[in-house]
Amino acid sequence: MDNNDYFYLGKILKPIGGKGHLVVLLDVDDPLKYKKLESVFVAVDQNRIPYSVRSVELKPGNRAIFKFEDVDSLQDALPFSGHELYLPMALLPQLKGKSFYHHEITGFTVIDNTHGNIGTVTSVLDLPKQSLLRVQHGNKEILIPMVQDVIRKVDRKNKVITVQAPEGLIEIYL
C-alpha cells in the first residue's frame, strides 16, 4: 500500500503500567467507531508496520489505552512512544451531505453562488478557531471559511463544492 492509502488515526503518547499498554491520543470525531480494531499500522520512518490489536479501552479527551499482541511489558512498549497510528482508507467511514474529510475534497471545483467557478481546492488549513478551504484561482489563492452557512453543497460524484461566500470576501482576492 502507498502512504496515501492510509489515514491518520492518532499518536502513541506513552506506555502505561508494566504490561505493555499504550496511551494513544485519537484524532477522530467519533472514537467509538474505533473501539473494536483488529489491527493498526504504526509509522516507523517512512513505513507503516501492522500490529494486531488485543484491546482498545476508550478514555475521556479522545484518549485510549491500546494493547498490542506480543507487547507484554514496559520494555516492549517503550519503543512505540511518539509513533503515529494509521488505518487503511477502506476503513474510513463514509460521510454524507455537507460533511467531508479534508483529504477527500482536494481537487474539487468550488462554485460560489454569486461568482460562479472560483477555482480548485488545493488543501484545507486547520486553524484553532476554524478551518479554511484553500482555493487556487489562476495564480491567486482564495481562503474560504468552512462553516455551515458558507458550505452549501458537496457533490462527490462531480467533485464540486458549492459555497455562498460572505459578501465581499471573493472580491478581496480578485
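Using the Cα centre of the chain as the reference point, and only Cβ charges (+1 on K/R, -1 on D/E), how large is the resulting charge dipole? Debye, rounded to the nearest 20.
Details: 21 positive and 21 negative charges, 86 e Å.
In debye, rounded to 20, the chain gives about 420.
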With a Förster distance of 35 angstrom and the Cβ-Cβ distance between residue 148 and residue 81, calculated FRET efficiency to the nearest 0.05 equals 0.35
Short version: ³J(HN,Hα) in whole Hz for each residue of segment 41-53, in order, from phi by Karplus 6.51 cos²θ - 1.76 cosθ + 1.60 (θ = phi - 60°), x for Gly and Pro, what are they? 10, 9, 7, 10, 6, 9, 9, 10, 9, x, 9, 6, 9
Between the alpha carbon centres of segment 150-174 and segment 63-128 the gap in Å comes to 22 Å
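Among the trypsin sites (Lys or Arg not before Pro) in segment 2-49, which ones are in a DSSP loop with at most 13 other Cβ atoms within 10 Å of the Cβ? Mind listing them?
Working: sites: 11, 19, 33, 35, 36, 48; in loops: 19, 35, 36.
Hits after loop and neighbour filter: 19, 35, 36.
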Taking loop as defined by DSSP and a crowding limit of 15 other beta carbons within 10 Å, which chymotrypsin sites (Phe, Trp or Tyr not before Pro) in segment 16-107 fit? 101
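Each value in this text was obtained by applying a stated rule to the coordinates, not by laboratory testing. The model shown is predicted, which means the values in this text are computed figures rather than measured ones. As a convention, Cβ positions derive from the backbone with ideal geometry for all residues, glycine included, and neighbour counts pool all protein chains shown.
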